[in-house]
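To start, the structure under review is shown below, and the notes come after it.
The values are calculated or read from the model by the stated rules, or taken from the named source; none is laboratory data. Predicted, not measured: the structure shown is a model, and the values here were computed from it. Every residue, glycine among them, receives a Cβ derived from its backbone with ideal geometry; neighbour counts consider all protein chains shown.
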Amino acid sequence: MTGPRDWDKEMAEIDKIIASGKAPPAPAAASVPARGGQPSPAPPVRSGGGQGITLGRHKFGVWLRTLIGAGGAVALQLWPYAKGCGTMLYLYMLSAFAVTLLGAWAMRGAWVHRRGVAHVGGLIVFIAGLAFAAIQVLERSSYAAAPLSWTCP
């Protein structure tokens with residue numbers, strides 16, 4: 001420790017700064033004594049991004065991603081084309097991959113903007129996309145009793 005502070009002297013310096021109209025000098029980084037008596041550095045200040053503030057457009061964007069992903073999952077469930085083999089199978093798999101990515105994107109946005117229900121919705125969309133893809137892959141692997149092929153004969 002440095003000893004007692006002369007508060008009258010410090011207050012007089014502050015009064016001079018206020019009277020001159022200049023901006024006060026930046027204070028030194030406050031340090032808190034650690035266990036060993038040595039001062040520890042001040043914690044780093046996180047800057048930028050506005051992570052603590054959630055605007056209405058961010059909330060809307062999170063919910064939009066979640067709802068589009070849910071719509072995509074429902075559309076995959078109601079897929080109107082034959083997905084047994086060939087081009088339509090590949091299009092179906094691409095769609096399942098897109099739904100999975102939408103779910104991950106919705107989860108990330110919901111996590112950043114602290115939207116718990118939207119995060120759970122994104123998780124459900126993500127798992128649904130993985131499940132739709134896994135069903136098609138497992139039907140064509142040695143897991144199935146009569147495996148299907150990826151290409152049409």
Exercise. Being at pLDDT 90 or above and assigned to a helix (DSSP H, G or I), is that true of even one residue in segment 12-35?
Worked result: yes
Exercise. Restricting the search to segment 66-100, which residues are hydrophobic (A, V, I, L, M, F, W, C), exposed (fewer than 14 other Cβ atoms within 10 Å of the Cβ) and in a helix (DSSP H, G or I)?
Worked result: V74, A75, L91, L94
For this session: Scan segment 135-144 and give yes if some residue there is free of Cβ contacts under 8 Å to residues at least 12 places away in the same chain, among the aliphatic types (A, V, I, L, M), outside any helix (DSSP H, G or I) and surrounded by fewer than 14 Cβ atoms within 10 Å (Cβ to Cβ), otherwise no.
Result: yes
For this session: Give segment 86-100 a look and list any residue that's out of contact with any Leu (no Cβ under 7 Å at 6 or more places or on another chain) and at negative phi, or say none.
Result: T87, M88, L89, Y90, L91, Y92, M93, L94, F97, A98
Exercise. Can we say V117 is surrounded by 14 or more Cβ atoms within 10 Å (Cβ to Cβ), closer than 30 Å to K59 by Cα and within 25 Å of the chain's Cα centre (by Cα)?
Worked result: no
